[in-house]
Structure formats: C-alpha cells, structure tokens
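Values in this text are rule-based calculations from the coordinates and carry no lab data. Everything quoted here is computed from the prediction, not taken from an experiment. For neighbour counting, all protein chains shown are included, and Cβ atoms are generated from backbone atoms with ideal geometry for every residue, glycine included.
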Amino acid sequence: MEADRADQETSAVDLRRDGAAALEWVASYLEGVGELPVLAQVEPGWLLERLPESPPETGEPFSALLEDFDRLILPAVTHWQHPRFLAFFANTASDPAILAELLTIALNQVGILWRTGPALAELEQRTTGWLGQLLGLPPEWHGHIEDTASIGTLTALAVARELMPDRRVVVCSEQTHSSIDKAARVLELEVKRVPVDDAFRMRADQLDASDACAIVATAGTTSTTSSDPVADIAARKGAAWLHVDAAYAGSAWVCPEFRTEDVSGADSLIVNPHKWLLTGMGCSCLWTARPDDFRRAFSLVPDYLRTRDDVVNLSEVSIPLGRPFRALRLWAVLRCFGREGLQALIREHVRLAALFEEWVRDEPGWALCAPRPLSVVCFRRDGSDEENEALLERVNSTGEIFISPTRVAGRYVLRLAVGNARTTEDDIRRAWEVLQRCAQ
C-alpha cells in the first residue's frame, strides 16, 4: 500500500518535467502580461462558482492544475506585474526574486532558532546589513525581515509599550498609514494626530510627546509620499520611541539625492523592498538602533528550544517563532542588480512620474494636488469629486491601466504611482491618453 502511494505521488508530479512546464508558463506570462487587462474582469464569486466545493479523492497530474490555472485562476487575477499597474504602490517580482523563491520553497527552512536554519539566520543578517549600507543607514543598526510593514510597525510599537507601560499614546501625523491605527488597536494604545503643513509633512512644532510611548514619523506618506521632518521630530521626542515608516520612500535612498531626511535619530525604521526593490511581496526590513530592547520585549525561550549556541535567535527579536527564508530573494536581487541597477530603476521611475506631472500641469482642465517628491503624482480633473470618481471608474474599466484614488485636503484625487520595473515611457504616455479620452 505504501509503495502504491509513493508510485502515485511520483506519477502525479515529475519535478523536472512539470517544473519545466511551470517555468515556461511563468516566462510566457511575463512576456505577455502587458497585453492582458490590468484589472480582473470578473464579478465577486466568479471563481468560487467554478471551483468544486469538495476536495479531490485521488491525486491529479500537475498538468491538469496548469490547465485550470489558465482557465480559472488567470481570469480572476489583477496583474500587479503589468507595466500599466499604476495604482497604490506598484511593485515588481523580478526574475532573480522569482527564481530565488523556487529555491526557498525547495529548501523549506523554518527559522525557529539559529540551529534550525543557520543559513537563513546569517543571510538575513548580512542582506539587511547590505541594504542598510545601500540606503545610508547607521552601520550599527540591527536589521531583520518581517513579512509586511504593518507587522514591522506593530513589532516596534510593542517594544515601545513594553518600555513605557504607563504611557498609552502613539503620536503621528494626519497623513500616517492606517496600519498605525490598527497596531494601536491591537496594543490598546491611543492615537493622537499632529497637523501637517502645506506639503503634508508633520508639523514638528506642534508635536507634544509628553504622554507618548511612541512617535511614528513617515517617510513617503500613502497619499502623497511626503516625508515628515524626522530630525526635527527626533529632537523633540523626549523619552518616546521614534519609529520611522519608510515603507515606500526608503527604497529611493539607494540614490543619495533622495535622502532628504536624516533618520539617524530614530529608534526603529521600516523599509519594504517588496514595494520598490524588486523582491516580490513578503519582504519588509526592520532596523533598530536598540536591539537589546527588542530582545527584552520578545525573548521567550521554552525548554524545548534551548541550545548551547551563543547566538541571538531571530525569534527573540520579533513576534513570530517560525520564519521562512525571506532573505534569499533579497540576496538574489541585490546580487543580480547591484547598486547601479537599483539606482537606475529608481531614477527612471522618478523621471517618468515627473514627465506625467508635466503633462498634467500643462493641460487645461487638469490640476496637480500635491507636491511630487518621488514617483507618485496626485492630480484631478476640474469638476466635482463625483465627476472625478466617475472618471476613475471609466479609466479602470478600460483594462488598459489601473490607478487608485485618495483624498488630499478633503478632495477626491486621482493618484498615479510608477513602480513596476516593466513600465516604460510608452506606458505612461498611454495612461495619459486613456485619462484624456475617458475625460471627454
């Protein structure tokens, strides 16, 4: 019976044969993704109606899965890899990251302890060190990788609460990401907001941290990508923990000209390589100037995890016990692109956003709604909020491009974000043509 099961598994999937077919599918998909509608053209429940309600009784060949992938999965995919995905913070899973992910799942490392994954632990240490150098961060900061900035921020705020349990306030600006509110809810902290200036930056002169366990400054706000004056905030923070959310803009610091804020006075900082550094979703780097405080907050080693290894396990400086081999993708990207390749990517995206901004500025009937420090342009058509919302719906329903909205100074605003490695000037020009056509 066991031999029959082994034979069935072997016949169902052949790693070399089916792996080659899967890799060919990936290569073909990436070559042609620009011809697909950016947004999934299905209604809610479309896929559920076509999937069996019960699991299969016997195994199927992988080829059957690939056939259903084209028939069922692909129509229900919104294509983040599309060169005209210009919504939210566009990103890319690059070729090196895709191949590294295959190696990652093949090794199937579980980083409970250093001993359970020495390569996982030490490569994470080295790659966050490399990236810290590329971004110009203080060399003594300790880095590790979380899955998202939301979890990284929750982690940092948990440390702040542990250090100052009598202080139950988090101070941030009106433009801070919603993950701060969610983390505060989880940690039972109160959020107090500081007004922003005309450039949507926190007004440090309005900061009162007297009852705060933490302050969150943002480098690259979600709506407009403005950056708070981190150095001024650090000078006024007092005993409060200063966390910097640089999930988006931090990647741009590979280019020295975009290091507009001195972050050396921060206690912790988060940057998402999965946003603008080609690693694919699930790679968010958290650095801290105070790793011992992280360890005091999170170190909990039961008897079954105790070893004689003289190391700090990554599970002792973060919330999860187990962790996947996230650093492998980042290592692949840093090695295959290098400093020069990453700088060229960032600068080109900023150039494309500046070009689009120029077109909007010069066209009657359109208006810019916020400064453009990096690769996100906030703009709108002359008219009411309702008219701009209807315009967005028409634009996105074409399938040619995908942009997202926000609110700036109380107004409904369209938002174009350049961040995909496959996006070219032709794609940005086409986006502008679609917007003008749909505005008629």
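Which of Ala97, Val13, Gln109 sits closest to the plus end of the dipole of segment 1-151, meaning its Cα is farthest towards the positive end, when Lys and Arg get +1 and Asp and Glu get -1 on the C-beta?
Positive-end residue among those listed: Ala97.
Could you run the Karplus curve 6.51 cos²θ - 1.76 cosθ + 1.60 with θ = phi - 60° over segment 21-30 and give me ³J(HN,Hα) per residue in whole Hz, x for Gly and Pro?
3J(HN,Hα) across segment 21-30, in whole Hz: 5, 5, 5, 5, 4, 4, 4, 5, 4, 5.
Which Cys residues of the chain have no other Cys Cβ less than 4.7 Å away and so no disulfide-compatible partner by this rule?
Cys172, Cys213, Cys255, Cys283, Cys285, Cys336, Cys438
Hey, with R₀ at 30 Å, roughly what FRET efficiency would Ser178 and Arg306 work out to, going by the Cβ-Cβ distance, to 0.05?
The calculated FRET efficiency here is 0.15.
Amide H of Ala214: which non-local residues (sequence gap of 5 or more, or other chain) have their own amide H closer than 5 Å, using H built in the peptide plane?
Close amide H contacts, sequence-distant or interchain: Val169, Val171, Trp241.
About the Cα centre of the chain, how large is the charge dipole given +1 on each Lys and Arg Cβ and -1 on each Asp and Glu Cβ? Please answer in debye to the nearest 20.
Around 1120 debye, computed over the chain.
Mind putting a number on the dipole of segment 1-148 about its Cα centre? Charges go on the C-beta only, +1 for Lys and Arg and -1 for Asp and Glu, and I need it in Debye to the nearest 20.
Around 580 debye, computed over segment 1-148.
Name the residue from Ser178, Cys213, Pro195 whose Cα lies farthest towards the positive end of the charge dipole of segment 170-217, charges +1 on Cβ of Lys and Arg and -1 on Cβ of Asp and Glu.
Most positive-ward Cα: Ser178.
Run lengths n ≥ 4 of DSSP H only: what is the helix-derived mean residue ellipticity at 222 nm for the chain, with -39500 (n - 2.57) per run over all residues, to the nearest 500?
The per-residue figure over the chain is -13000 deg cm²/dmol.
Grab the beta carbon distance between Ser63 and Arg126, set R0 = 51 Å, and tell me the FRET efficiency rounded to 0.05.
With R0 = 51 Å, the Cβ-Cβ based efficiency is 0.80.
When only Cα pairs under 8 Å and 6 or more residues apart are kept, what is the percent relative contact order across the chain?
21
Any idea what the relative contact order of segment 1-142 is, in percent, if you count C-alpha pairs under 8 Å spaced at least 6 apart?
Computed value for segment 1-142: 22 percent relative contact order.
Identify all lysines with a Cα-Cα distance to Lys192 below 27 Å; exclude those on the same chain that are fewer than 8 residues away in sequence.
Lys182, Lys237
Mind running the shape call on the chain? Use the C-alpha gyration tensor, a ≥ b ≥ c as the square roots of the eigenvalues: rounded below 1.5 for a/c, prolate if a/b tops b/c, oblate otherwise.
Verdict is oblate for the chain.
For segment 336-411, rounded, prolate or oblate, judged on the Cα gyration tensor with a ≥ b ≥ c (square roots of eigenvalues), a/c < 1.5 rounded, else prolate if a/b > b/c?
prolate
Let's see if you can work this out: charge +1 on each Lys and Arg Cβ, -1 on each Asp and Glu Cβ, no other charges. What is the dipole magnitude of segment 125-251 about its Cα centre, in debye to the nearest 20?
Here segment 125-251 has a charge dipole of around 120 debye.
How high is the FRET efficiency between Gln436 and Ala21 when r is their beta carbon distance and R₀ equals 35 Å, given to the nearest 0.05?
For R0 = 35 Å, the calculated efficiency reads 0.25.
By its C-alpha gyration tensor, with a ≥ b ≥ c as the square roots of the eigenvalues, how is segment 400-440 shaped: rounded for a/c under 1.5, else prolate for a/b larger than b/c, else oblate?
Oblate, since a/c reaches 1.5 and b/c is not below a/b.
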